[in-house]
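Student: Questions regarding the structure given below will be posed in turn.
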Amino acid sequence: MAGSQAVEKVRLMIRYVIAVSGGVDSVVLLDKLAKQYEPSQLLVAHFDHGIRSESAHDSEFVRELAAGYGIAFETKREELGSDASEEFARDRRYEFLRAVAKKHGAKIMTAHHGDDIVETIAINLVRGTGWRGLAVLASSDIDRPLLGVTKPELIDYANEHELTWHEDATNKDTKYLRNDLRQKLENLNDDSRQLLRLYRNRQVFLRRAVDNEAIDIIGSAPYRRHLFISVPENSGLELLRSVFVAELGYSPTRPQLRRALLAIKVLQAGKRFDVTSGVILRFTKTHYVVEPAPKVVS
């Protein structure tokens, strides 16, 4: 009994779940946070995607790193395989991080930095972005305290404080879009990088204003189908995105939103629609609700 009470006490004290891959960015973030907070307020989370054969070594490295700071550690391994896309691996990682954060009632922290802003904007432009494509790395359920820091500054910090880290071999593999663009952006000057970061900050401000307005419009569950039927598609997608953020803390992808919006317009009462593997919409004649998908017991 006493042991379970101690575990519960630790769980209640955790404030931040730190995503640590073992690379220099996350190692620096961990070191900075370990100097700012008590160990009991932090938890290191590591997702082993199984894409590389040596990824298990990274997991053990992060485990030992967390132990050195006296910080709790949680990990999960999945066998995504060498053909897994960047997007799929990222989605699985965030699903893990959000599950850990929810379990502990904590906030996620990631080590994204200023140069990640530039790279992510470039990726969105290449893929064909909407107006939100500049408002990157601004999820409401994730803190990113290093966005004002550049990659060279992180490396300088790591060297100055004699930190050790693991280099991910896939970071050099240009079959991944981010790595390919990173190499092409190497010659982008500092003024251009700073301008992109300023554009991003302005767009994040505008996005928040739009989101606040959308929250006032959609109301609370159950949600009115007529509202989403009567507005233009782009407006409907924005409003539906706000529904998912309100219900889940995050939004499905734009293609998933578009399919969900069509379902709201055409499905009959009593029907359900699978938005993702873990989320469904359930309909009455006039309204719909967002629910977790029922688990299949084998």
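Student: Suppose we filter GLU186, GLU238, GLU213 for residues that are assigned to a loop (DSSP other than H, G, I, E, B) and among the acidic types (Asp, Glu); which single one remains?
Tutor: Answer to the check: GLU186.
Student: Could you please find all residues in region 65-77 being within 19 Å of HIS166 (Cβ to Cβ) and in contact (Cβ under 8 Å) with a residue 24 or more places away in the chain? Step through it out loud before you land on a result.
Tutor: Filtering region 65-77 down to residues within 19 Å of HIS166 (Cβ to Cβ) leaves 65-69, 71, 73-77.
Once the filter is applied, which keeps residues that are within 19 Å of HIS166 (Cβ to Cβ) and in contact (Cβ under 8 Å) with a residue 24 or more places away in the chain, region 65-77 yields LEU65, ALA66, TYR69, ILE71, PHE73, GLU74, THR75, LYS76, ARG77.
Student: Go through (1) surrounded by 12 or more Cβ atoms within 10 Å (Cβ to Cβ); (2) in a helix (DSSP H, G or I); (3) outside the structural domain of ASP141 (by TED's automatic domain parsing) one by one and return the number of the condition PRO252 breaks.
Tutor: (2)
Student: Kindly list, by first and then second residue, each pair from a residue in region 231-253 that is closer than 16 Å to ARG282 by Cα to a residue that is part of a helix (DSSP H, G or I), limited to pairs with Cβ atoms under 7 Å and residues at least 6 apart or on different chains.
Tutor: Taking only residues 6 or more apart or on different chains, the pairs are LEU240/PHE228; LEU240/LEU257; LEU240/ALA260; LEU240/LEU261; VAL243/ILE218.
Student: Looking at region 235-255, which of the residues that are under 16 Å from ARG207 (Cα atoms) and of a type in the set (Ser, Thr, Tyr) is nearest to the chain's Cα centre (by Cα)?
Tutor: TYR250
Student: Given the criterion part of a helix (DSSP H, G or I) and modelled with pLDDT of 95 or more, identify the matching residue among ALA122, ALA101.
Tutor: From the options ALA122, ALA101, the qualifying one is ALA101.
Student: Check whether at least one residue in region 160-170 is acidic (Asp, Glu) and in a helix (DSSP H, G or I), and report yes or no. First the steps, then the outcome.
Tutor: Residues of region 160-170 that are acidic (Asp, Glu), as a first pass: 160, 162, 167-168.
Checking which are in a helix (DSSP H, G or I) leaves us with 160.
Within region 160-170, one or more residues are acidic (Asp, Glu) and in a helix (DSSP H, G or I).
Student: Based on what the data block shows, is VAL290 among the β-branched types (Val, Ile, Thr), closer than 19 Å to ARG98 by Cβ and modelled with pLDDT under 95?
Tutor: no
Student: Here's something else I'd like to know. Keeping to region 269-285, report how many residues are of a type in the set (D, E, K, R) and assigned to a strand (DSSP E or B).
Tutor: So the answer is 3.
Student: Just to be sure I understand, how many residues within region 267-288 are within 18 Å of SER220 (Cβ to Cβ), under 24 Å from the mean Cα position of the chain (by Cα) and exposed (fewer than 15 other Cβ atoms within 10 Å of the Cβ)?
Tutor: The number of residues fulfilling the criteria is 0.
Student: For region 97-130, enumerate the residues that are of a type in the set (S, T, N, Q) and without any contact (Cβ under 8 Å) to a residue 60 or more places away in the chain.
Tutor: Passing the criteria: THR120, ASN124, THR129.
Student: Would region 225-233 turn up any residue that is loosely packed, with under 15 Cβ neighbours inside 10 Å, outside any helix (DSSP H, G or I) and at pLDDT below 90?
Tutor: no
Student: A follow-up question, please. Starting from residues that are touching a residue at least 40 places away in the same chain (Cβ under 8 Å) and farther than 18 Å from PHE96 by Cα, keep the ones in region 40-64 and report whichever is surrounded by the most Cβ atoms within 10 Å (Cβ to Cβ).
Tutor: First pass over region 40-64, keeping only residues touching a residue at least 40 places away in the same chain (Cβ under 8 Å): 43, 45, 47, 49, 51-52, 54, 57-58, 61-62.
Subsequent filtering for residues that are farther than 18 Å from PHE96 by Cα retains 52, 54, 57, 61.
Details: ARG52: 15, GLU54: 9, HIS57: 13, PHE61: 18.
The extreme case among them is PHE61.
Student: Now, a different point. For region 1-71, give me every one of the helices (runs of 4 or more DSSP H) that falls completely inside it and has 3 or more residues that are modelled with pLDDT under 90 and among the hydrophobic types (A, V, I, L, M, F, W, C).
Tutor: Counting at least 3 such residues, we get 2-13.
Student: If you scan region 135-150, which residues turn out to be assigned to a strand (DSSP E or B) and buried (at least 20 other Cβ atoms within 10 Å of the Cβ)?
Tutor: ILE142
Student: Yes or no: region 193-209 includes at least one residue that is assigned to a loop (DSSP other than H, G, I, E, B) and surrounded by fewer than 17 Cβ atoms within 10 Å (Cβ to Cβ).
Tutor: no
Student: Taking only region 240-264 into account, find how many residues are under 15 Å from VAL290 (Cα atoms) and among the charged types (D, E, K, R).
Tutor: 3
Student: Can you tell which of GLU213, GLU238 is assigned by TED's automatic domain parsing to the domain that holds ARG282 and either basic (Lys, Arg) or farther than 30 Å from PRO152 by Cα (or both)?
Tutor: Testing whether each residue is assigned by TED's automatic domain parsing to the domain that holds ARG282 and either basic (Lys, Arg) or farther than 30 Å from PRO152 by Cα (or both) leaves just GLU238.
Student: On the basis of being more than 24 Å from SER251 (Cβ to Cβ) and under 22 Å from the mean Cα position of the chain (by Cα), does ASP115 make the cut? Write out each step before concluding.
Tutor: Working: more than 24 Å from SER251 (Cβ to Cβ): yes; under 22 Å from the mean Cα position of the chain (by Cα): yes.
It is true that ASP115 is more than 24 Å from SER251 (Cβ to Cβ) and under 22 Å from the mean Cα position of the chain (by Cα).
The values are calculated or read from the model by the stated rules, or taken from the named source; none is laboratory data. Just so we're clear, the structure is a prediction, and the values are computed from it rather than from any experiment. No Cβ is skipped: glycine too gets one built from the backbone with ideal geometry, and neighbour counts run over all protein chains shown.
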